[in-house]
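What follows is one structure encoded as structure tokens, with my remarks underneath.
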Amino acid sequence: MEERRVAHRYKLPLPVIVKRLPLETAPGEIHVTTRDVSTSGVYFTSDERLAVGIRLDLSLTLPAEVTQGSAVVIDAQARVMRVDEQPIGVDDRFGIAAVIDKFNVSRASVDFALHKAEQADDGKRRSASSG
């Protein structure tokens, strides 16, 4: 079988919040865990079977250990490409392979950490200049 992946996949068990799009017709969210992720796709297992072709809104957080900094939130829009019945080693669950159409990396946590560091530096400078 020919390898069709365009990006390297990383085996990372990360919690993900999944919402079916459009939200008006499919309210609610599903909490799942990834098996692997890449910049072009994600594979996760779910108790709920999702139909091939549906669009999803995904939200996951890369922990500081992965980013070598602070946690980074990724919001993505994806499409279900494949559904595996009972993936290897997982009973009564479905394996969902989704291709990511677009994603946004939130630097809010990074910006907050930088702001706190700047505040701490300013406080040290003020203490040093007054003493």
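Throughout, read-outs are computed from the coordinates displayed, never taken from laboratory work. Model, not experiment: these values are computed from the prediction. Neighbour counts are summed over all protein chains in view; Cβ atoms, including those assigned to glycine, are modelled from backbone coordinates with ideal geometry.
Using the Cα gyration tensor of the stretch 15-61, with a ≥ b ≥ c the square roots of its eigenvalues, what is the shape: rounded (a/c below 1.5), prolate (a/b larger than b/c) or oblate (neither)? It is prolate, given that a/c is not under 1.5 and a/b is the larger ratio.
Each principal axis of the Cα cloud of the stretch 1-87 was taken in turn, and the coordinate range along them, longest first, works out to 38, 36, 22 Å. Computed from the C-beta positions of V83 and N104 and an R0 of 30 Å, the FRET efficiency is 0.70 to the nearest 0.05.
Full extension of the chain between V73 and D47 gives 7.0 nm of extra length, using 0.36 nm per residue less the Cα-Cα distance.
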